[in-house]
Amino acid sequence: MNMREIMKAQQRLQKLQEELEQSQFSGSAGGGAVMITMKGNYEIIAVKIDPEAVNPEDISELEGMLLAAARDAFGKVAEAQQKMFSTLTGGIKIPGLF
């Protein structure tokens, strides 16, 4: 790979990262009772909780759903990042990237 190709790849990576950071990913739990939305840079931008999911006598259930929804959203961002790098590298795995 020559210097020109490296520069093009860096520019493309930067563009893809910017697009990913502006993308939104939603994770849910409890059949949609809890939704967490985050950007591609893992910034949480919204949390929605169905009032029916709130049982003051069992807060641990709501906490579990919040955790599950967050993990779901994080997983979707990680998957999108992996696809982005795979597209950039033509499917070749580069040690240390993913």
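The values are calculated or read from the model by the stated rules, or taken from the named source; none is laboratory data. This one's a predicted model, so the numbers in the text were calculated from it and none came from an experiment. Positions of Cβ are backbone-derived with ideal geometry, glycine not excepted, and every protein chain shown enters the neighbour counts.
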Within the stretch 13-46, track down each residue that is exposed (fewer than 13 other Cβ atoms within 10 Å of the Cβ) and farther than 26 Å from MET65 by Cβ.
GLN14, LYS15, GLU18, GLU19, GLN22
Looking at the stretch 63-85, can you tell me whether even one residue there is surrounded by fewer than 17 Cβ atoms within 10 Å (Cβ to Cβ), polar (S, T, N, Q) and under 26 Å from ARG12 (Cα atoms)?
yes
Scan the strands (runs of 3 or more DSSP E) fully inside the stretch 9-98 and keep the ones with 1 or more residues being of a type in the set (Ser, Thr, Tyr) and modelled with pLDDT of 95 or more.
24-29, 34-39
